[in-house]
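One structure is given here, and the rest of the page talks about it.
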Amino acid sequence: MTVESTAAPKPRRSAGTKSTAGKRTTAKKSPGTDPELVQLLTPEGKRVKNAEFDKYVAGITPDELRGLYRDMVLTRRFDAEATSLQRQGELGLWASLLGQEAAQIGSGRATREDDYVFPTYREHGVAWCRGVDPTNLLGMFRGVNNGGWDPNSNNFQLYTIVIGSQTLHATGYAMGIAKDGADSAVIAYFGDGASSQGDVAESFTFSAVYNAPVVFFCQNNQWAISEPTEKQTRVPLYQRAQGYGFPGVRVDGNDVLACLAVTKWALERARSGEGPTLVEAYTYRMGAHTTSDDPTRYRGDEERLAWEAKDPILRLRRYLEASNHTDEAFFAELETESEALGKRVREAVRAMPDPDHFAIFENVYADGHALVDEERAQFAAYQASFADVEGGH
């Protein structure tokens, strides 16, 4: 069992270290290489029992299971279309969620409508669960809007590019709704790289001291761009919560049922006044950090192939088929829906205007600035040079 709490502290030696005659040495094995985690579905699609978390998915119906599968398939299709559109020059950048569908869909479907979500910039599956139109996400990455949706209409904040800062926003919001006496919770998403940021540490401190109803959901995809997790921590990330005085739990991030169950548990704790929880979804980023990244420069195919065998979508499909919860007609219908989504996304992006190249100079200073004016003029001359080339001059 991986829940750590100050209420029942367990003596535990830091992973990757050992003490001999007062000397501390570092093992070569990375922290979390063989993690203990909450798992309800094995990579082979077999259901396993868990005494503490089974009750949170005990009433799930075959229709709801098919819904989780549909969510993951359509989210992956949307993500693939966005990657292709960026490669075709339609988007400036794209941060793929490939491989992290279970963590996002499982946790996203655990939230209630009145809960409030604070994402980073990769939570496309959570946005899907909160009812945000996918094309709004693409508008931001195309540079034609600043998010494209009203956060309060879906209780889903705008994407946050500044690493880790949304955890402070989430903590403050959670402290506010606690003072208001609201029966709701907050969930903040961040990655393993963000876990090293000071903002995250501060949010842990404030949420613990003020018993804020917030769930910190860390998607540990093991690579902060090219930096592996063992360069950031000597113990599994979920254990950090113990030092702040609240529970931490590690869950199989490729298991949508386990992510659903653990997040439901954590959110119920928050709503009932038990304070914050750190959930570490142990998963893997199958693709690049963003479309400007080349992961082949820092990790090998063997690692990627090992994690592809744990694919979250294939895992649930195996379970659905073994349990006779679906048939080929369902998969065929879903494939048709997937194609329609891809077509809609492509058409929507190509119908968007080109970004205003001069918008970056607006709102830098309230009253304008001579240096900005000079830079705007230089950029205008640069843009005009392309027109001269196209005109044959």
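The values are calculated or read from the model by the stated rules, or taken from the named source; none is laboratory data. Because the structure is predicted, anything quoted here is derived from the model rather than measured. All Cβ positions, even for glycine, are placed from backbone atoms using ideal geometry, and neighbour counts span all protein chains on display. The protein model used for the area step is the full one, side chains on, heavy atoms only, and it has no ligands, DNA or RNA in it. Shrake-Rupley method; radii C 1.70, N 1.55, O 1.52, S 1.80 Å.
Take Asn152 and decide whether it is touching a helix residue (DSSP H, G or I) at 6+ places or on another chain (Cβ under 7 Å) and open to solvent by 20 Å² or more (accessible area, probe 1.4 Å).
no
Go through Ser96, Ser30 for me and flag whichever is at pLDDT below 95, surrounded by 12 or more Cβ atoms within 10 Å (Cβ to Cβ) and either among the aliphatic types (A, V, I, L, M) or assigned to a loop (DSSP other than H, G, I, E, B) (or both).
Residue meeting the stated conditions: Ser30.
Can you pull out every residue in region 269-295 that is small (Gly, Ala, Ser), surrounded by fewer than 23 Cβ atoms within 10 Å (Cβ to Cβ) and closer than 30 Å to Tyr244 by Cβ?
Those that are small (Gly, Ala, Ser), surrounded by fewer than 23 Cβ atoms within 10 Å (Cβ to Cβ) and closer than 30 Å to Tyr244 by Cβ: Ser272, Gly273, Gly275.
Determine whether Leu320 is open to solvent by less than 60 Å² (accessible area, probe 1.4 Å), aliphatic (A, V, I, L, M) and modelled with pLDDT of 95 or more.
Yes: the conditions hold for Leu320.
If Gln378 meets every condition in (1) modelled with pLDDT of 95 or more; (2) surrounded by 12 or more Cβ atoms within 10 Å (Cβ to Cβ) apart from one, which number is that one?
(2)
For region 192-207, which residues satisfy the criterion of being buried (at least 19 other Cβ atoms within 10 Å of the Cβ) and among the aliphatic types (A, V, I, L, M)?
Once the filter is applied, which keeps residues that are buried (at least 19 other Cβ atoms within 10 Å of the Cβ) and among the aliphatic types (A, V, I, L, M), region 192-207 yields Ala194, Val200.
Given the criterion surrounded by fewer than 20 Cβ atoms within 10 Å (Cβ to Cβ), β-branched (Val, Ile, Thr) and within 20 Å of Met286 (Cβ to Cβ), identify the matching residue among Thr83, Thr120.
Matching residue, one of Thr83, Thr120: Thr83.
Tell me, yes or no, whether region 179-200 has at least one residue that is farther than 22 Å from Cys218 by Cβ, in a helix (DSSP H, G or I) and not aromatic (Phe, Trp, Tyr).
yes
Of everything in region 238-266, what is part of a helix (DSSP H, G or I), of a type in the set (A, V, I, L, M) and either open to solvent by 10 Å² or more (accessible area, probe 1.4 Å) or closer than 23 Å to Val48 by Cβ (or both)? Give them in sequence order.
Result: Val256, Leu257, Ala258, Leu260, Ala261, Val262, Ala266.
Can you go through Ala103, Ala127 and tell me which one is touching a residue at least 60 places away in the same chain (Cβ under 8 Å) and touching a helix residue (DSSP H, G or I) at 6+ places or on another chain (Cβ under 9 Å)?
Answer to the check: Ala103.
Can you name every residue in region 344-360 that is more than 27 Å from the chain's Cα centre (by Cα) and of a type in the set (Val, Ile, Thr)?
Result: Ile360, single match.
Taking the condition open to solvent by less than 60 Å² (accessible area, probe 1.4 Å), modelled with pLDDT of 90 or more and within 30 Å of Arg66 (Cα to Cα), does Tyr298 pass?
Taking the combined requirement at face value, the residue does not satisfy it.
Output the number of residues of region 348-370 satisfying the condition of being open to solvent by less than 90 Å² (accessible area, probe 1.4 Å) and more than 12 Å from Arg142 (Cα to Cα).
7
From Tyr210, Tyr189, which residue is within 19 Å of Phe246 (Cα to Cα), touching a residue at least 24 places away in the same chain (Cβ under 8 Å), buried (at least 19 other Cβ atoms within 10 Å of the Cβ) and among the hydroxyl-bearing types (Ser, Thr, Tyr)?
Going through Tyr210, Tyr189 in turn, the sole match is Tyr189.
Please state which of the following conditions Leu334 fails to meet, knowing it meets all the rest: (1) open to solvent by 80 Å² or more (accessible area, probe 1.4 Å); (2) in contact (Cβ under 8 Å) with a residue 60 or more places away in the chain; (3) closer than 30 Å to Glu101 by Cβ.
Leu334 satisfies all of (1) open to solvent by 80 Å² or more (accessible area, probe 1.4 Å); (2) in contact (Cβ under 8 Å) with a residue 60 or more places away in the chain; (3) closer than 30 Å to Glu101 by Cβ except (1).
Determine whether region 54-74 contains at least one residue that is out of contact with any helix residue (DSSP H, G or I) (no Cβ under 6 Å at 6 or more places or on another chain), over 19 Å from Arg317 (Cα atoms) and buried (at least 20 other Cβ atoms within 10 Å of the Cβ).
No, because not a single residue in region 54-74 is out of contact with any helix residue (DSSP H, G or I) (no Cβ under 6 Å at 6 or more places or on another chain), over 19 Å from Arg317 (Cα atoms) and buried (at least 20 other Cβ atoms within 10 Å of the Cβ).
Tell me which residues, restricted to region 48-93, are within 22 Å of the chain's Cα centre (by Cα), in a helix (DSSP H, G or I) and more than 25 Å from Glu339 (Cβ to Cβ).
Passing the criteria: only Tyr56.
Give region 126-147 a look and list any residue that's open to solvent by less than 40 Å² (accessible area, probe 1.4 Å), of a type in the set (Gly, Ala, Ser) and more than 20 Å from Gln88 (Cα to Cα), or say none.
Ala127, Gly147
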